[in-house]
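Novice: If you scroll down you'll find the structure; I have some questions about it.
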Amino acid sequence: MKVALDVSAVPARVAGAGRYIVELARRLPSHESTTLVTRRDDGDRWRSLSPDALVAPLVPSGRAERLVYEAWRLGQSRVAREADVWHSPHYTMPRRCAAPTVVTIHDLTFFTNPDWHERSKVLFFRRAISYSAAHARVLVCVSEFTARQLDEVVPVHAHVVVAPLGVDLEAFSLQGANDETIFQRHGLAIDVPYVFFLGTVEPRKGLDVLVEAFTYLAEVDDTLELWIAGQAGWAMEEFDEALLRHPGASRIRRLGFVDEELVAPLLRRARVVAYPSRGEGFGLPVLEALACGALVVTTADTVMAEVGSHAVSLAVAGDPAALAGALSRDLALSVDQRAQRSRVARARAEEFSWEYSLAQHLEAYELAREG
């Protein structure tokens, strides 16, 4: 089978949905003939990431030009005409595509919680999701949670295959022989106790709640720090100002976007990983933290609670006191209790794999090709 995978939406700094697309692009060529459709200036990166794939640098680099090209020209390209299946892994799809199309739906928050996004993106992605639901041959949802929401928001849609995201159990491991060296290389002290957040810094991630919760924690433990890693998103001006005014501002560290080599050590060495997001399609940082054996506190009644299951602690969304309480309880665990929780976390993470996710994608491709 010839599969064309559109990777043109993945930015240079890979996170979230971009990580999913990269992992799929790395593995798919081992199973099917794969062409990666890239931006015109981005072919070399993808040749390095997925050396067994063909690379077709067709798409303009500017966002507006890229979206117009995808909608009206990409579906009639030579790559599309020669493909058995076209996979658009980020909500959108070409109009009049020459190949049967599979589209990945990550979450439905553009419908359910539009205030979490920029207005222009809400309008665009609502239209894109509605179009894909009606015109794709098969939809891939990254979690059962997203699939249920899709049924509620767009009741009439194409056939759905659920393909949960995975985790690299070697890269995200319980032990890291070089953690201290990696910390030193990035100017970090390995002996500092810290609560850790990883993710894009944007309103829905609950960082306002986490920083307020840290006020309680900092009063109890004057050595504890809060480390926040992730690239800047949007509408965080008030959050930035609140950090400057925070009584424990000197103990809150903004790391920005961190190198890939640093992610697992940061998760592994954290006293607790906090992921208080108000809502996601999957919440990959939770799974990666569990694979590292980290204690994780996340949000109740979300997909992260489903992914973490019995291996995570939960707090009500938007409640700083509840989050502080959950974090405090995990911070207070004994060495033996932490070790037990770490084993439970790792065992939960081992229930997920990119290999299983890929198998579900291959099923989606077959269904799309068969019609």
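Laboratory data are not the source of any read-out in this text; all were calculated from the coordinates shown. The structure presented is a predicted model; accordingly, all values stated were derived computationally and were not measured. Heads up, the Cβs are rebuilt from the backbone with ideal geometry, glycines too, and the neighbour counts pull from every protein chain shown.
Novice: Per DSSP H run of at least 4 residues, take -39500 (n - 2.57); add these up for the chain, divide by its residues and hand me the 222 nm value, nearest 500 deg cm²/dmol.
Specialist: Mean residue ellipticity at 222 nm (helix-derived): -13000 deg cm²/dmol.
Novice: When the chain is treated as a GNM, springs tying every alpha-carbon pair under 10 Å, which of 146, 215, 104 comes out with the largest mean-square fluctuation?
Specialist: Comparing 146, 215, 104 in the GNM, the peak value goes to 215.
Novice: Just the ratio, please: alpha-carbon radius of gyration of the chain over 2.2 N^0.38 Å, N its number of residues.
Specialist: Its radius of gyration relative to the 2.2 N^0.38 Å reference: 1.00.
Novice: Quote the relative contact order of the range 179-349 in percent (integer), defining contacts as alpha-carbon pairs under 8 Å separated by 6+ residues.
Specialist: Contact order relative to length: 23 percent.
Novice: I would also like to ask the following. Apply the Karplus curve 6.51 cos²θ - 1.76 cosθ + 1.60, θ = phi - 60°, to the phi angles in the range 216-230 and return the couplings in whole Hz, x for Gly and Pro.
Specialist: Running phi through 6.51 cos²θ - 1.76 cosθ + 1.60 with θ = phi - 60° gives 5, 5, 5, 5, 7, 10, 7, 9, 6, 10, 10, 10, 10, 10, x Hz.
Novice: Next question, about the same structure. What does the charge count near residue 116 come to, summing +1 for each Lys or Arg and -1 for each Asp or Glu among other residues with Cβ under 12 Å from its Cβ?
Specialist: Numbers: positive: 119, 121, 204, 205, 278; negative: 107, 115, 118, 202, 280.
Its environment carries a net charge of 0.
Novice: Percent antiparallel among DSSP beta bridges with both residues in the range 179-349, to the nearest 5?
Specialist: Beta bridges within the range 179-349, antiparallel portion: roughly 0 percent.
Novice: Still on this structure: Could you state the number of Å between the C-alpha centres of the range 348-371 and the range 191-239?
Specialist: 35
Novice: Continuing with the same structure: Under 5 Å between amide H atoms, partner at least 5 residues away or on a different chain: which partners does residue 300 have, H built in plane at 1.01 Å?
Specialist: It is 315, 316, 317, by chain and number.
Novice: Now a separate question. I want the local charge near residue 364. Using Cβ-Cβ distances under 14 Å, sum +1 for each Lys or Arg and -1 for each Asp or Glu among the other residues.
Specialist: -3
Novice: Pull out the extension gain between residue 334 and residue 254, defined as 0.36 nm times the separation in residues minus the alpha carbon to alpha carbon distance; nm, one decimal.
Specialist: Extra length available between residue 334 and residue 254 comes to 26.0 nm.
Novice: Here's another thing I want to ask about it. Is the shape of the range 33-185 best called rounded, prolate or oblate, per the rule: a/c under 1.5 gives rounded, else a/b larger than b/c gives prolate, else oblate, with a ≥ b ≥ c the square roots of the Cα gyration tensor eigenvalues?
Specialist: It comes out oblate by the Cα gyration axes.
Novice: Output ³J(HN,Hα) for the range 207-212: one whole-Hz value per residue in order, computed from phi by the Karplus curve 6.51 cos²θ - 1.76 cosθ + 1.60 with θ = phi - 60°, and x for Gly and Pro.
Specialist: These are the phi-based 3J(HN,Hα) values: 5, 4, 5, 5, 5, 5 Hz.
Novice: From the phi of every residue in the range 285-300, what ³J(HN,Hα) in whole Hz does the Karplus formula 6.51 cos²θ - 1.76 cosθ + 1.60 yield, where θ is phi - 60° and glycine or proline is x?
Specialist: x, 5, 5, 5, 5, 4, 4, 7, x, 7, 6, 10, 10, 9, 9, 5
Novice: Write down the Å³ per residue value for the convex hull defined by the alpha carbon atoms of the range 179-349.
Specialist: 106
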